[in-house]
Amino acid sequence: MRPLLLLALVGCTAQSSPGGASLVLDIPNGMLDPKDYATVEITLHEPGGDVVRSAAVGADGRFDLGDMDPLAAVSVEAALRDASGAVVGYGRTAAAADLAAGATITVPVRRPIVYFAGPSLTFTPPNTTVWHGAQPTFSDLSTDVALDGSTQLAQNAVLVVAAGPQLYAIDQGVSGTTGALTGTATIRAVSTADHMLAAPLAGTLTGAVEDAAGSDDGGTLVVGTTMKLYVIDARPGAAAPIREIASGDFARVAIVSGPDGSIGAVAIKNRVSTTSATCSPTAELWWISGAGGEVTDARLVKMGGFADVASDGGRAWYVDACRGELGEALPTETRAVRTNLASYGKPTALAVSNGQAWIGLERGTPSPTLSLAVVPVDSAMTMPRMLWTEVQDQVVSATAFPGVERRLSGRSAAFTQLEIGAGGDYLAAVIAGDFHGVRVAAANFPEMDIVTDELRVFDTTSGGSVQRYRSWCDGFFTVLSVNDIDDWSCTNGTGQTGPRDGLEHRISSMTFQFGKK
(Lines give C-alpha, C1' and ligand atoms only; values in the text may rest on other atoms or scores of the structure.)
Protein backbone atom coordinates (compact mmCIF):
# COMPACT_ATOMS: atom_id res chain seq x y z
CA MET A 1 0.00 0.00 0.00
CA ARG A 2 1.09 3.55 -0.61
CA PRO A 3 2.35 5.09 2.63
CA LEU A 4 0.68 8.18 4.01
CA LEU A 5 2.44 11.21 5.44
CA LEU A 6 0.35 12.86 8.16
CA LEU A 7 0.80 16.56 8.79
CA ALA A 8 -1.32 18.65 11.13
CA LEU A 9 -1.71 22.24 12.14
CA VAL A 10 -3.14 22.85 15.59
CA GLY A 11 -6.21 25.07 15.59
CA CYS A 12 -6.94 25.32 11.88
CA THR A 13 -7.22 23.20 8.75
CA ALA A 14 -4.07 21.57 7.40
CA GLN A 15 -3.57 20.77 3.74
CA SER A 16 -2.82 17.18 2.78
CA SER A 17 0.65 16.53 1.58
CA PRO A 18 0.75 15.14 -1.98
CA GLY A 19 -0.80 11.67 -1.85
CA GLY A 20 -1.11 11.89 1.91
CA ALA A 21 -3.71 12.56 4.59
CA SER A 22 -4.21 15.33 7.11
CA LEU A 23 -4.93 15.13 10.80
CA VAL A 24 -6.26 18.39 12.22
CA LEU A 25 -6.34 19.15 15.93
CA ASP A 26 -9.17 21.61 16.49
CA ILE A 27 -8.93 23.87 19.56
CA PRO A 28 -11.51 26.47 20.68
CA ASN A 29 -9.44 29.54 19.68
CA GLY A 30 -10.17 31.20 23.01
CA MET A 31 -8.76 31.85 26.46
CA LEU A 32 -9.01 28.13 27.35
CA ASP A 33 -6.85 26.89 24.46
CA PRO A 34 -4.16 24.33 25.43
CA LYS A 35 -0.81 26.04 26.01
CA ASP A 36 2.87 25.17 26.45
CA TYR A 37 2.69 21.90 24.50
CA ALA A 38 5.90 20.50 23.04
CA THR A 39 4.83 17.14 21.60
CA VAL A 40 1.74 15.45 20.27
CA GLU A 41 0.88 11.79 20.84
CA ILE A 42 -1.59 10.19 18.44
CA THR A 43 -3.29 6.83 19.01
CA LEU A 44 -5.07 5.27 16.04
CA HIS A 45 -7.59 2.62 17.09
CA GLU A 46 -8.27 0.17 14.29
CA PRO A 47 -9.95 -3.26 14.33
CA GLY A 48 -6.57 -5.01 14.20
CA GLY A 49 -5.04 -3.11 17.11
CA ASP A 50 -3.66 0.29 18.04
CA VAL A 51 -1.01 2.38 16.29
CA VAL A 52 0.72 4.98 18.48
CA ARG A 53 2.85 7.78 17.06
CA SER A 54 4.35 10.89 18.62
CA ALA A 55 6.10 13.93 17.21
CA ALA A 56 7.43 17.31 18.20
CA VAL A 57 5.14 20.28 17.50
CA GLY A 58 6.79 23.07 15.58
CA ALA A 59 6.44 26.78 16.23
CA ASP A 60 3.88 26.94 13.42
CA GLY A 61 1.79 24.19 15.02
CA ARG A 62 2.71 21.52 12.49
CA PHE A 63 3.91 18.02 13.29
CA ASP A 64 4.95 15.06 11.15
CA LEU A 65 3.92 11.54 12.17
CA GLY A 66 5.82 9.83 9.39
CA ASP A 67 4.74 7.25 6.85
CA MET A 68 2.09 4.61 7.44
CA ASP A 69 -0.23 2.44 5.41
CA PRO A 70 -3.84 3.48 4.83
CA LEU A 71 -6.18 2.38 7.62
CA ALA A 72 -9.91 1.72 7.50
CA ALA A 73 -12.43 2.47 10.27
CA VAL A 74 -9.97 4.31 12.51
CA SER A 75 -10.85 6.28 15.61
CA VAL A 76 -8.25 8.75 16.83
CA GLU A 77 -7.06 10.03 20.20
CA ALA A 78 -4.70 12.98 20.51
CA ALA A 79 -2.77 14.19 23.54
CA LEU A 80 -0.74 17.38 23.66
CA ARG A 81 2.09 17.15 26.21
CA ASP A 82 4.42 19.72 27.70
CA ALA A 83 8.18 19.32 28.06
CA SER A 84 7.76 17.23 31.22
CA GLY A 85 5.31 14.84 29.51
CA ALA A 86 2.19 16.06 31.31
CA VAL A 87 -1.02 16.27 29.28
CA VAL A 88 -2.05 19.88 28.59
CA GLY A 89 -4.60 19.05 25.88
CA TYR A 90 -6.60 15.96 24.94
CA GLY A 91 -9.32 14.95 22.49
CA ARG A 92 -10.76 12.11 20.42
CA THR A 93 -12.97 11.56 17.39
CA ALA A 94 -16.63 10.68 17.89
CA ALA A 95 -16.78 8.02 15.16
CA ALA A 96 -14.46 5.90 13.06
CA ALA A 97 -13.22 7.19 9.69
CA ASP A 98 -10.95 5.93 6.91
CA LEU A 99 -7.38 7.20 6.94
CA ALA A 100 -6.60 7.31 3.24
CA ALA A 101 -4.94 9.51 0.64
CA GLY A 102 -6.54 12.94 0.54
CA ALA A 103 -8.56 12.39 3.72
CA THR A 104 -8.78 14.94 6.52
CA ILE A 105 -9.65 13.81 10.04
CA THR A 106 -10.43 16.50 12.61
CA VAL A 107 -9.88 15.83 16.31
CA PRO A 108 -11.30 18.39 18.78
CA VAL A 109 -8.80 19.00 21.61
CA ARG A 110 -9.45 20.66 24.98
CA ARG A 111 -7.56 21.32 28.19
CA PRO A 112 -7.78 18.58 30.88
CA ILE A 113 -10.27 20.37 33.15
CA VAL A 114 -12.34 18.70 35.85
CA TYR A 115 -15.61 20.39 36.88
CA PHE A 116 -17.72 19.74 39.98
CA ALA A 117 -20.98 21.24 41.26
CA GLY A 118 -23.50 21.12 44.10
CA PRO A 119 -25.46 23.23 46.59
CA SER A 120 -24.09 25.30 49.45
CA LEU A 121 -25.22 26.53 52.87
CA THR A 122 -25.27 30.05 54.27
CA PHE A 123 -25.11 30.59 58.04
CA THR A 124 -26.50 33.76 59.59
CA PRO A 125 -25.83 34.27 63.32
CA PRO A 126 -27.06 33.24 65.75
CA ASN A 127 -28.53 30.03 64.33
CA THR A 128 -30.07 30.48 60.86
CA THR A 129 -28.89 28.27 58.01
CA VAL A 130 -30.21 28.31 54.43
CA TRP A 131 -29.34 25.98 51.57
CA HIS A 132 -28.97 27.53 48.13
CA GLY A 133 -27.54 27.00 44.66
CA ALA A 134 -23.82 27.52 44.02
CA GLN A 135 -21.52 28.16 41.09
CA PRO A 136 -19.64 25.07 39.84
CA THR A 137 -15.91 24.94 40.56
CA PHE A 138 -13.27 23.72 38.13
CA SER A 139 -9.65 22.60 38.26
CA ASP A 140 -7.47 23.09 35.19
CA LEU A 141 -4.92 20.29 35.50
CA SER A 142 -2.69 21.85 32.85
CA THR A 143 -1.90 24.84 35.11
CA ASP A 144 -0.76 23.05 38.29
CA VAL A 145 -2.69 25.48 40.51
CA ALA A 146 -3.96 24.33 43.92
CA LEU A 147 -7.69 24.79 44.41
CA ASP A 148 -9.30 27.29 46.78
CA GLY A 149 -12.80 27.30 45.26
CA SER A 150 -12.34 30.59 43.39
CA THR A 151 -12.21 29.11 39.86
CA GLN A 152 -15.91 29.06 39.07
CA LEU A 153 -18.44 29.14 36.27
CA ALA A 154 -20.55 32.26 36.08
CA GLN A 155 -23.94 30.87 37.12
CA ASN A 156 -25.36 28.31 39.53
CA ALA A 157 -25.64 24.62 38.61
CA VAL A 158 -26.26 21.41 40.52
CA LEU A 159 -24.70 19.19 37.85
CA VAL A 160 -22.10 19.59 35.11
CA VAL A 161 -21.53 17.06 32.34
CA ALA A 162 -19.04 16.89 29.48
CA ALA A 163 -20.02 15.59 26.05
CA GLY A 164 -16.82 15.21 24.07
CA PRO A 165 -15.63 18.75 23.29
CA GLN A 166 -18.82 20.30 24.70
CA LEU A 167 -19.85 21.09 28.28
CA TYR A 168 -23.31 21.46 29.81
CA ALA A 169 -24.62 22.75 33.16
CA ILE A 170 -27.91 21.63 34.71
CA ASP A 171 -29.53 23.85 37.34
CA GLN A 172 -32.42 23.16 39.69
CA GLY A 173 -34.04 24.70 42.76
CA VAL A 174 -32.69 23.86 46.22
CA SER A 175 -34.81 23.54 49.37
CA GLY A 176 -33.56 26.14 51.83
CA THR A 177 -34.25 23.89 54.83
CA THR A 178 -33.03 20.49 53.64
CA GLY A 179 -30.78 21.12 50.63
CA ALA A 180 -32.85 18.70 48.54
CA LEU A 181 -33.30 19.50 44.85
CA THR A 182 -36.80 20.75 44.05
CA GLY A 183 -38.85 21.82 41.04
CA THR A 184 -37.88 21.39 37.42
CA ALA A 185 -34.33 21.50 36.03
CA THR A 186 -32.94 23.37 33.01
CA ILE A 187 -29.90 22.74 30.80
CA ARG A 188 -27.40 25.24 29.40
CA ALA A 189 -24.43 24.79 27.09
CA VAL A 190 -21.13 26.11 28.47
CA SER A 191 -18.49 27.41 26.06
CA THR A 192 -15.22 25.50 26.33
CA ALA A 193 -13.45 28.52 24.83
CA ASP A 194 -14.31 31.03 27.59
CA HIS A 195 -16.83 29.39 29.98
CA MET A 196 -19.70 31.65 28.92
CA LEU A 197 -23.15 30.09 29.35
CA ALA A 198 -25.77 29.95 26.60
CA ALA A 199 -29.53 30.33 27.05
CA PRO A 200 -31.32 27.27 28.47
CA LEU A 201 -32.49 24.56 26.09
CA ALA A 202 -36.23 24.41 25.51
CA GLY A 203 -38.05 22.17 27.99
CA THR A 204 -37.38 21.04 31.55
CA LEU A 205 -36.60 17.90 33.55
CA THR A 206 -38.68 16.60 36.48
CA GLY A 207 -37.31 14.86 39.55
CA ALA A 208 -34.08 15.62 41.41
CA VAL A 209 -31.16 15.42 38.95
CA GLU A 210 -28.79 12.56 39.88
CA ASP A 211 -26.45 11.73 36.99
CA ALA A 212 -25.73 12.52 33.34
CA ALA A 213 -23.48 11.40 30.51
CA GLY A 214 -22.62 12.93 27.13
CA SER A 215 -21.74 11.60 23.67
CA ASP A 216 -18.35 12.18 22.08
CA ASP A 217 -19.91 14.19 19.24
CA GLY A 218 -21.23 16.68 21.81
CA GLY A 219 -24.81 16.46 20.62
CA THR A 220 -26.50 14.00 22.98
CA LEU A 221 -26.93 13.77 26.76
CA VAL A 222 -28.61 11.10 28.86
CA VAL A 223 -29.82 12.39 32.23
CA GLY A 224 -31.15 10.39 35.18
CA THR A 225 -33.39 11.90 37.87
CA THR A 226 -35.29 10.47 40.82
CA MET A 227 -38.36 10.27 38.56
CA LYS A 228 -37.29 9.88 34.92
CA LEU A 229 -34.59 8.92 32.45
CA TYR A 230 -34.19 11.51 29.67
CA VAL A 231 -32.34 11.77 26.37
CA ILE A 232 -31.33 15.30 25.38
CA ASP A 233 -30.75 16.38 21.78
CA ALA A 234 -28.42 19.32 22.43
CA ARG A 235 -27.77 20.16 18.77
CA PRO A 236 -28.75 23.71 17.78
CA GLY A 237 -32.28 23.91 16.41
CA ALA A 238 -33.47 20.55 17.74
CA ALA A 239 -37.27 20.46 17.54
CA ALA A 240 -37.75 18.53 20.81
CA PRO A 241 -34.50 18.73 22.80
CA ILE A 242 -35.72 16.91 25.94
CA ARG A 243 -37.48 13.53 25.72
CA GLU A 244 -38.44 11.10 28.47
CA ILE A 245 -37.46 7.49 27.73
CA ALA A 246 -38.29 5.66 31.00
CA SER A 247 -39.86 6.28 34.41
CA GLY A 248 -38.21 5.62 37.77
CA ASP A 249 -35.22 6.57 39.92
CA PHE A 250 -32.13 6.47 37.66
CA ALA A 251 -29.00 7.30 39.65
CA ARG A 252 -26.28 6.16 37.21
CA VAL A 253 -26.08 6.45 33.40
CA ALA A 254 -23.44 5.98 30.69
CA ILE A 255 -23.63 6.55 26.94
CA VAL A 256 -22.59 3.66 24.69
CA SER A 257 -21.33 4.89 21.30
CA GLY A 258 -21.12 2.38 18.46
CA PRO A 259 -18.30 2.37 15.85
CA ASP A 260 -20.83 3.51 13.23
CA GLY A 261 -21.70 6.64 15.23
CA SER A 262 -24.90 5.20 16.73
CA ILE A 263 -25.62 6.13 20.33
CA GLY A 264 -27.22 4.01 23.04
CA ALA A 265 -27.04 4.02 26.82
CA VAL A 266 -26.90 1.86 29.93
CA ALA A 267 -28.43 2.95 33.23
CA ILE A 268 -29.12 1.80 36.80
CA LYS A 269 -32.59 2.15 38.26
CA ASN A 270 -33.07 1.92 42.04
CA ARG A 271 -29.32 1.85 42.62
CA VAL A 272 -28.19 -0.39 45.46
CA SER A 273 -27.20 1.32 48.74
CA THR A 274 -23.42 1.13 49.08
CA THR A 275 -23.23 2.38 52.69
CA SER A 276 -25.63 -0.16 54.20
CA ALA A 277 -24.14 -3.06 56.17
CA THR A 278 -26.38 -5.43 54.21
CA CYS A 279 -26.68 -5.57 50.42
CA SER A 280 -30.07 -6.08 48.78
CA PRO A 281 -29.72 -6.98 45.07
CA THR A 282 -32.81 -5.11 43.90
CA ALA A 283 -31.19 -2.60 41.53
CA GLU A 284 -32.18 -2.76 37.85
CA LEU A 285 -29.75 -2.62 34.93
CA TRP A 286 -31.38 -1.04 31.86
CA TRP A 287 -30.30 -0.97 28.22
CA ILE A 288 -31.41 1.86 25.91
CA SER A 289 -30.99 1.53 22.14
CA GLY A 290 -30.89 4.41 19.67
CA ALA A 291 -30.61 7.19 22.24
CA GLY A 292 -29.03 9.55 19.68
CA GLY A 293 -32.24 9.76 17.64
CA GLU A 294 -35.55 8.02 18.15
CA VAL A 295 -35.35 5.57 21.04
CA THR A 296 -35.95 2.12 19.57
CA ASP A 297 -35.90 0.19 22.83
CA ALA A 298 -35.54 0.76 26.59
CA ARG A 299 -35.59 -2.45 28.56
CA LEU A 300 -34.74 -4.01 31.91
CA VAL A 301 -31.83 -6.39 31.42
CA LYS A 302 -31.30 -7.80 34.91
CA MET A 303 -31.79 -7.19 38.63
CA GLY A 304 -28.83 -7.29 41.01
CA GLY A 305 -26.61 -5.25 43.29
CA PHE A 306 -25.64 -2.80 40.55
CA ALA A 307 -23.71 0.21 41.83
CA ASP A 308 -22.16 1.86 38.75
CA VAL A 309 -21.89 1.66 34.96
CA ALA A 310 -19.31 2.81 32.41
CA SER A 311 -18.65 2.54 28.69
CA ASP A 312 -15.65 2.34 26.39
CA GLY A 313 -15.19 1.52 22.71
CA GLY A 314 -18.85 0.78 22.07
CA ARG A 315 -19.14 -1.61 25.03
CA ALA A 316 -20.79 -1.16 28.45
CA TRP A 317 -19.58 -2.35 31.85
CA TYR A 318 -20.96 -2.57 35.38
CA VAL A 319 -19.94 -3.34 38.95
CA ASP A 320 -22.22 -5.30 41.29
CA ALA A 321 -21.58 -4.35 44.92
CA CYS A 322 -23.47 -7.34 46.32
CA ARG A 323 -21.72 -9.97 44.22
CA GLY A 324 -18.31 -8.27 44.17
CA GLU A 325 -18.47 -8.49 40.38
CA LEU A 326 -17.20 -6.65 37.30
CA GLY A 327 -19.03 -7.54 34.11
CA GLU A 328 -20.15 -6.49 30.67
CA ALA A 329 -23.67 -5.19 30.09
CA LEU A 330 -25.24 -6.45 26.88
CA PRO A 331 -28.59 -5.52 25.29
CA THR A 332 -30.36 -8.62 26.67
CA GLU A 333 -28.02 -10.07 29.33
CA THR A 334 -24.90 -9.56 31.40
CA ARG A 335 -21.53 -11.30 31.21
CA ALA A 336 -19.55 -11.60 34.44
CA VAL A 337 -15.80 -11.05 33.98
CA ARG A 338 -14.52 -10.91 37.56
CA THR A 339 -16.43 -12.35 40.49
CA ASN A 340 -13.78 -12.09 43.23
CA LEU A 341 -13.64 -8.33 43.84
CA ALA A 342 -15.23 -8.72 47.29
CA SER A 343 -11.89 -9.97 48.61
CA TYR A 344 -10.52 -6.46 47.99
CA GLY A 345 -13.62 -4.52 49.08
CA LYS A 346 -17.11 -3.69 47.90
CA PRO A 347 -16.97 -2.41 44.27
CA THR A 348 -19.10 0.74 44.11
CA ALA A 349 -17.60 2.99 41.40
CA LEU A 350 -16.35 2.36 37.86
CA ALA A 351 -14.57 4.13 35.00
CA VAL A 352 -13.27 2.44 31.82
CA SER A 353 -10.87 3.66 29.13
CA ASN A 354 -8.84 1.86 26.46
CA GLY A 355 -9.53 -1.60 27.84
CA GLN A 356 -8.66 -0.76 31.46
CA ALA A 357 -11.18 -0.57 34.30
CA TRP A 358 -10.65 1.64 37.34
CA ILE A 359 -12.74 0.36 40.24
CA GLY A 360 -13.57 2.13 43.49
CA LEU A 361 -13.60 -0.30 46.43
CA GLU A 362 -15.05 0.34 49.89
CA ARG A 363 -14.32 -1.53 53.12
CA GLY A 364 -16.15 -0.69 56.35
CA THR A 365 -14.21 -2.65 58.95
CA PRO A 366 -12.30 -2.16 61.13
CA SER A 367 -12.19 1.44 59.83
CA PRO A 368 -13.68 2.84 56.61
CA THR A 369 -11.07 2.29 53.92
CA LEU A 370 -11.21 3.28 50.25
CA SER A 371 -9.13 1.82 47.41
CA LEU A 372 -8.76 2.32 43.68
CA ALA A 373 -7.87 -0.76 41.63
CA VAL A 374 -6.94 -1.10 37.95
CA VAL A 375 -7.70 -4.26 35.94
CA PRO A 376 -7.99 -5.19 32.25
CA VAL A 377 -11.70 -5.42 31.44
CA ASP A 378 -11.39 -8.62 29.44
CA SER A 379 -9.08 -10.58 31.74
CA ALA A 380 -10.32 -12.50 34.77
CA MET A 381 -6.87 -13.75 35.74
CA THR A 382 -4.72 -10.60 35.93
CA MET A 383 -4.21 -9.46 39.51
CA PRO A 384 -5.59 -5.98 40.23
CA ARG A 385 -3.06 -3.18 40.56
CA MET A 386 -3.88 -1.07 43.63
CA LEU A 387 -3.48 2.54 42.59
CA TRP A 388 -4.40 3.99 46.01
CA THR A 389 -5.62 2.84 49.43
CA GLU A 390 -6.36 5.03 52.44
CA VAL A 391 -8.10 4.69 55.80
CA GLN A 392 -10.61 7.53 56.10
CA ASP A 393 -10.42 9.86 59.10
CA GLN A 394 -10.61 13.61 59.68
CA VAL A 395 -8.60 15.97 61.87
CA VAL A 396 -10.38 19.02 63.29
CA SER A 397 -8.82 22.05 64.97
CA ALA A 398 -10.12 24.24 67.80
CA THR A 399 -10.19 27.68 66.19
CA ALA A 400 -9.78 29.56 69.49
CA PHE A 401 -6.89 27.38 70.69
CA PRO A 402 -4.07 27.17 68.11
CA GLY A 403 -2.45 23.75 68.07
CA VAL A 404 -5.36 21.93 69.69
CA GLU A 405 -6.51 19.19 67.34
CA ARG A 406 -8.39 15.92 67.49
CA ARG A 407 -8.71 13.04 65.03
CA LEU A 408 -12.23 11.83 64.28
CA SER A 409 -12.81 8.21 63.33
CA GLY A 410 -14.63 7.42 60.12
CA ARG A 411 -18.13 5.96 60.41
CA SER A 412 -18.56 5.61 56.66
CA ALA A 413 -16.86 6.68 53.43
CA ALA A 414 -18.10 6.30 49.89
CA PHE A 415 -17.17 7.07 46.29
CA THR A 416 -19.93 9.23 44.85
CA GLN A 417 -18.30 9.88 41.45
CA LEU A 418 -15.44 8.33 39.46
CA GLU A 419 -14.21 9.41 36.04
CA ILE A 420 -11.11 8.93 33.90
CA GLY A 421 -9.68 11.93 32.03
CA ALA A 422 -7.06 12.95 29.48
CA GLY A 423 -7.18 9.59 27.74
CA GLY A 424 -6.25 7.68 30.89
CA ASP A 425 -3.60 9.92 32.44
CA TYR A 426 -5.79 11.21 35.29
CA LEU A 427 -8.44 9.61 37.49
CA ALA A 428 -10.81 11.84 39.49
CA ALA A 429 -12.90 10.65 42.43
CA VAL A 430 -15.42 12.37 44.66
CA ILE A 431 -15.49 11.00 48.20
CA ALA A 432 -18.15 11.59 50.86
CA GLY A 433 -17.09 10.97 54.46
CA ASP A 434 -18.95 10.75 57.78
CA PHE A 435 -16.85 11.03 60.97
CA HIS A 436 -17.54 10.82 64.70
CA GLY A 437 -15.69 11.95 67.81
CA VAL A 438 -16.65 10.83 71.32
CA ARG A 439 -16.70 13.30 74.20
CA VAL A 440 -13.39 13.64 76.07
CA ALA A 441 -14.34 15.46 79.27
CA ALA A 442 -10.76 15.84 80.52
CA ALA A 443 -9.83 17.80 77.37
CA ASN A 444 -13.16 19.63 77.06
CA PHE A 445 -13.78 17.91 73.73
CA PRO A 446 -17.50 17.61 72.90
CA GLU A 447 -19.05 14.66 71.13
CA MET A 448 -19.41 15.61 67.47
CA ASP A 449 -20.30 14.40 63.99
CA ILE A 450 -18.65 15.77 60.84
CA VAL A 451 -19.48 15.21 57.14
CA THR A 452 -17.10 16.09 54.31
CA ASP A 453 -16.91 16.07 50.51
CA GLU A 454 -13.57 15.82 48.76
CA LEU A 455 -12.27 15.80 45.18
CA ARG A 456 -9.22 13.62 44.58
CA VAL A 457 -7.32 13.54 41.26
CA PHE A 458 -4.65 10.86 40.77
CA ASP A 459 -1.91 10.20 38.26
CA THR A 460 -2.94 6.80 36.88
CA THR A 461 0.65 5.68 36.30
CA SER A 462 2.14 6.41 39.71
CA GLY A 463 -0.96 6.75 41.89
CA GLY A 464 0.39 10.11 43.03
CA SER A 465 -1.99 12.86 44.09
CA VAL A 466 -2.43 15.60 41.48
CA GLN A 467 -5.22 17.48 43.25
CA ARG A 468 -6.77 17.01 46.69
CA TYR A 469 -9.52 19.48 47.53
CA ARG A 470 -11.97 19.31 50.42
CA SER A 471 -14.98 21.30 49.25
CA TRP A 472 -17.17 20.73 52.30
CA CYS A 473 -16.85 20.24 56.07
CA ASP A 474 -19.89 20.60 58.29
CA GLY A 475 -21.05 19.07 61.53
CA PHE A 476 -22.88 19.36 64.81
CA PHE A 477 -22.41 18.53 68.47
CA THR A 478 -24.28 15.51 69.75
CA VAL A 479 -23.13 16.15 73.36
CA LEU A 480 -21.92 19.62 74.39
CA SER A 481 -21.31 20.60 78.01
CA VAL A 482 -20.85 24.10 79.41
CA ASN A 483 -17.03 24.08 79.43
CA ASP A 484 -16.53 22.18 76.16
CA ILE A 485 -14.76 23.81 73.22
CA ASP A 486 -17.56 24.79 70.84
CA ASP A 487 -15.76 26.12 67.75
CA TRP A 488 -13.98 23.65 65.43
CA SER A 489 -12.93 23.53 61.80
CA CYS A 490 -11.56 20.82 59.51
CA THR A 491 -7.78 20.70 59.19
CA ASN A 492 -6.27 20.15 55.76
CA GLY A 493 -4.33 16.92 55.38
CA THR A 494 -1.05 16.46 53.54
CA GLY A 495 -1.34 18.00 50.09
CA GLN A 496 -4.96 18.94 50.70
CA THR A 497 -6.48 22.38 50.12
CA GLY A 498 -9.82 23.80 51.16
CA PRO A 499 -12.18 26.54 50.01
CA ARG A 500 -11.98 30.18 50.93
CA ASP A 501 -14.79 31.44 53.17
CA GLY A 502 -18.11 31.48 51.35
CA LEU A 503 -16.97 29.09 48.59
CA GLU A 504 -17.79 25.79 50.30
CA HIS A 505 -20.26 23.45 48.62
CA ARG A 506 -21.37 19.84 48.49
CA ILE A 507 -20.31 17.87 45.41
CA SER A 508 -23.35 16.37 43.70
CA SER A 509 -21.61 15.90 40.33
CA MET A 510 -18.17 15.81 38.73
CA THR A 511 -17.05 15.58 35.09
CA PHE A 512 -13.85 15.71 33.06
CA GLN A 513 -13.56 17.50 29.75
CA PHE A 514 -13.48 14.49 27.39
CA GLY A 515 -13.86 12.25 30.42
CA LYS A 516 -15.05 8.65 30.57
CA LYS A 517 -17.22 7.09 33.23
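The values are calculated or read from the model by the stated rules, or taken from the named source; none is laboratory data. Bear in mind the structure is a predicted one, so any value in this text is a computation, not a measurement. Here Cβ is always computed from backbone atoms with ideal geometry, including for glycine, and neighbour counts include all displayed protein chains.
State whether the residues of the range 387-404 include one that is assigned to a loop (DSSP other than H, G, I, E, B), more than 28 Å from N340 (Cα to Cα) and of a type in the set (F, W, Y).
Filtering the range 387-404 for residues assigned to a loop (DSSP other than H, G, I, E, B) gives 392, 399-404.
Keeping just the survivors that are more than 28 Å from N340 (Cα to Cα) gives 399-404.
Cutting the leftovers down to of a type in the set (F, W, Y) gives us 401.
Scanning the range 387-404 turns up at least one residue that is assigned to a loop (DSSP other than H, G, I, E, B), more than 28 Å from N340 (Cα to Cα) and of a type in the set (F, W, Y).
In the range 201-213, the qualifying residues are those that are surrounded by 15 or more Cβ atoms within 10 Å (Cβ to Cβ) and at pLDDT below 95, and the one that is farthest from F512 (Cα to Cα) is G203. Checking each residue in the range 149-206 for being of a type in the set (D, E, K, R) and under 17 Å from T220 (Cα atoms) picks out only R188. Among the conditions (1) of a type outside the set (K, R); (2) closer than 19 Å to K517 by Cβ; (3) not in a strand (DSSP E or B), P281 misses just one, which is (2).
Cβ-Cβ distances below 7 Å connect the following pairs, each with a first residue in the range 86-106 that is under 30 Å from T143 (Cβ atoms), a second residue that is aromatic (F, W, Y), and a separation of six or more residues or different chains: V88/Y37; G89/Y37; Y90/F514; G91/F514; R92/F514. Can you say whether S142 is in contact (Cβ under 8 Å) with a residue 40 or more places away in the chain and touching a Lys or Arg at 6+ places or on another chain (Cβ under 7 Å), as far as the supplied structure shows? Taking the combined requirement at face value, the residue satisfies it.
Among the residues of the range 241-271 satisfying the criterion of being among the polar types (S, T, N, Q) and either under 20 Å from E284 (Cβ atoms) or out of contact with any Ser or Thr (no Cβ under 7 Å at 6 or more places or on another chain) (or both), which is surrounded by the fewest Cβ atoms within 10 Å (Cβ to Cβ)?
As a first pass, look at the range 241-271 and keep what is among the polar types (S, T, N, Q): 247, 257, 262, 270.
Filter again for either under 20 Å from E284 (Cβ atoms) or out of contact with any Ser or Thr (no Cβ under 7 Å at 6 or more places or on another chain) (or both), leaving 247, 262, 270.
Numbers: S247: 11, S262: 16, N270: 15.
The extreme case among them is S247.
The test for being assigned to a loop (DSSP other than H, G, I, E, B), touching a strand residue (DSSP E or B) at 6+ places or on another chain (Cβ under 8 Å) and crowded, with 18+ Cβ neighbours inside 10 Å holds for T192.
Can you name the residue in the range 295-309 that is crowded, with 24+ Cβ neighbours inside 10 Å and aliphatic (A, V, I, L, M) and is also nearest to the chain's Cα centre (by Cα) among such residues? Of everything passing the filter in the range 295-309, V309 is nearest to the chain's Cα centre (by Cα).
Might you check whether a residue that is of a type outside the set (S, T, Y), closer than 30 Å to M448 by Cα and touching a helix residue (DSSP H, G or I) at 6+ places or on another chain (Cβ under 8 Å) occurs anywhere in the range 376-399? Don't jump to the end; show me each part of the working.
First, the residues of the range 376-399 that are of a type outside the set (S, T, Y): 376-378, 380-381, 383-388, 390-396, 398.
Going one step further and asking which of them are closer than 30 Å to M448 by Cα, we end up with 388, 390-396, 398.
Narrowing the set further to residues that are touching a helix residue (DSSP H, G or I) at 6+ places or on another chain (Cβ under 8 Å) leaves none.
Within the range 376-399, not a single residue is of a type outside the set (S, T, Y), closer than 30 Å to M448 by Cα and touching a helix residue (DSSP H, G or I) at 6+ places or on another chain (Cβ under 8 Å).
Among (1) assigned to a loop (DSSP other than H, G, I, E, B); (2) under 22 Å from the mean Cα position of the chain (by Cα); (3) surrounded by fewer than 24 Cβ atoms within 10 Å (Cβ to Cβ), which single condition is S276 missing? Looking at each condition in turn, S276 falls short on (2).
Filtering the range 310-349 to residues that are surrounded by 21 or more Cβ atoms within 10 Å (Cβ to Cβ) and polar (S, T, N, Q) leaves S311, T348.
Across the range 365-384, the number of residues qualifying as surrounded by 13 or more Cβ atoms within 10 Å (Cβ to Cβ) and free of Cβ contacts under 8 Å to residues at least 24 places away in the same chain comes to 1. Among the residues of the range 257-275, is any among the hydrophobic types (A, V, I, L, M, F, W, C), farther than 22 Å from L418 by Cβ and touching a Lys or Arg at 6+ places or on another chain (Cβ under 9 Å)? Checked the range 257-275: no residue is among the hydrophobic types (A, V, I, L, M, F, W, C), farther than 22 Å from L418 by Cβ and touching a Lys or Arg at 6+ places or on another chain (Cβ under 9 Å).
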